[in-house]
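K.L.:
Please find one structure pasted underneath; my questions will follow.
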Amino acid sequence: MRIVFMGTPDFSVPALKALVEAGHEVAAVVTQPDRPRGRGKELQMTPVKVQALAYGIPVYQPEKVKDPAFVEILRNLQPEVIVVIAFGQILSRDILDLPPYGCINIHASLLPKYRGAAPIQWAVIDGEKETGVTTMMMDVGLDTGDMLEKTVIPLDPKETGGSLFDKLSQAGGPLILSTLEKLKAGTAVRTPQTDEDSTYAKMLTKSLGQIDWSMEAAAIERLIRGLNPWPSAYTFVHGKTLKIWDADVLKESSDGAAPGQIIRTDPHSLIVAAGEALLSIRELQLEGKKRMDVETFLRGYTIEKGEILGK
């Protein structure tokens, strides 16, 4: 099929590779404009642009994809289908109606659950046992179009936002190939979404990572995993930010300790009271220092029993 591909981050790249390597004609790639990044604020190409240029595919980077002049460029490309995955802009009705097979989105959840900006991380934070990838026909709503196909991915007990990101990214390629084959053959089945079963996966912010120690230990542990690697979960100790990268839940009583209070510390462990049960911190990072395991951290830094994190 003749395809225009729209995507931006690392997550989108495996799907682009799958389409090219399967022999589809990717006529053009549309991605976000290059942005200044890093300390030097140098312009950096998006991961999708890097991959497209490696394939020799023409790349377009409109500030606003719905600009009439750019819609005309898309029309002249004559795509049979537009494939969209983590592109970062809303498509207008003019674009949605342009290709004969429509605009197909690859979404990182089992729709209608987790519509919105951060479905991967919220699946971990909310303690889901499984999630997946859905292909859907795009419409003017936010992730509300008819579903086409799904791939289910189980979550490991220690799944992080980063590890799940990688799994779902790799699952998108085979799924879009299957979906396009069925669309071409006329065998694709469109299943409308039910709004009452939907949940909204709101955008992540750095402030979301501040640990509320009055929460249950299990909920805090899921927050730590879901926000790993970004924006990360954190607390405060001695006036400094302390990022928590890994922890285990201990189903023991806090014996009346205040939330965030250190109830045990020795050369091998740092145990903190939560609103319910305890949290054993396994990997952490003090402001200005490297990420390290708890044993290494405690060899160079002293936290006393009875101190309270977060103050």
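Bear in mind these aren't lab numbers, they're just calculated from the coordinates by the rules spelled out. These numbers come from a predicted model, not from an experiment. No Cβ is skipped: glycine too gets one built from the backbone with ideal geometry, and neighbour counts run over all protein chains shown.
K.L.:
Can you compute 3J(HN,Hα) from phi for each residue in the stretch 42-52, using the Karplus curve 6.51 cos²θ - 1.76 cosθ + 1.60 with θ = phi - 60°, rounded to whole Hz and x for Gly and Pro?
P.N.:
Once rounded to whole Hz, the list reads 7, 5, 10, 6, 5, x, 5, 5, 4, 5, 4.
K.L.:
For a paramagnetic label modelled at 7 Å from the Cα of LEU96 toward its Cβ, which residues of the stretch 169-201 fall within the zone defined by backbone nitrogen distances under 15 Å?
P.N.:
Label zone hits: 192-193.
K.L.:
Using only Cα atoms, tell me the angle between helix 161-185 and the longest principal axis of the chain; keep it within 0 to 90° and round to the nearest 10.
P.N.:
20
K.L.:
A further question on this structure: Can you give the calculated 222 nm mean residue ellipticity of the chain, where each DSSP H run of n ≥ 4 adds -39,500 (n - 2.57) and the sum is split over every residue, rounded to the nearest 500 deg cm²/dmol? Numbers along the way, then the final one.
P.N.:
On the way: 8 runs with 81 residues, N = 311.
Helix contribution divided over all residues of the chain: -7500 deg cm²/dmol.
K.L.:
OK, next. Choose one of LEU223, GLY172, GLY116: the residue whose Cα lies farthest towards the positive end of the charge dipole of the stretch 72-223 (beta-carbon charges +1 Lys, Arg; -1 Asp, Glu; about the Cα centre).
P.N.:
Farthest towards the positive end: GLY172.
K.L.:
Can you list the equivalent-ellipsoid semi-axes of the chain, largest first and in whole Å, using the square root of 5 times each Cα gyration tensor eigenvalue?
P.N.:
Over the Cα atoms of the chain, the ellipsoid semi-axes are 44, 21, 15 Å.
K.L.:
Output the 0 to 90 degree angle, nearest 10, between the alpha-carbon long axis of helix 217-226 and the longest principal axis computed from the alpha carbons of the chain.
P.N.:
For 217-226 against the chain, the angle is about 40 degrees.
K.L.:
Follow-up question, since we're still on this one. Would you mind telling me the antiparallel percentage of the DSSP bridges in the chain, rounded to 5? Present the calculation step by step, with values, prior to reporting the outcome.
P.N.:
Working: 38 of 57 bridges.
The answer is about 65 percent antiparallel.
K.L.:
GNM on the chain, C-alpha springs below 10 Å: top fluctuator among VAL189, VAL13, VAL81?
P.N.:
Checking each option, the largest mean-square fluctuation is seen for VAL189.
K.L.:
If you plug each phi of the stretch 65-71 into the Karplus form 6.51 cos²θ - 1.76 cosθ + 1.60 with θ = phi - 60°, what whole-Hz ³J(HN,Hα) values come out, in order, with x for Gly and Pro?
P.N.:
5, 8, 4, x, 5, 6, 4
K.L.:
Another one. Which of LYS49/LYS158; LYS158/LYS243; LYS167/LYS290 have a Cα-Cα distance over 29 Å?
P.N.:
Long pairs (Cα-Cα over 29 Å): LYS49/LYS158.
K.L.:
Of LEU164, LEU148, LEU77, which has the largest mean-square fluctuation in a 10 Å C-alpha GNM of the chain?
P.N.:
Of LEU164, LEU148, LEU77, the Gaussian network model singles out LEU77 as fluctuating most.
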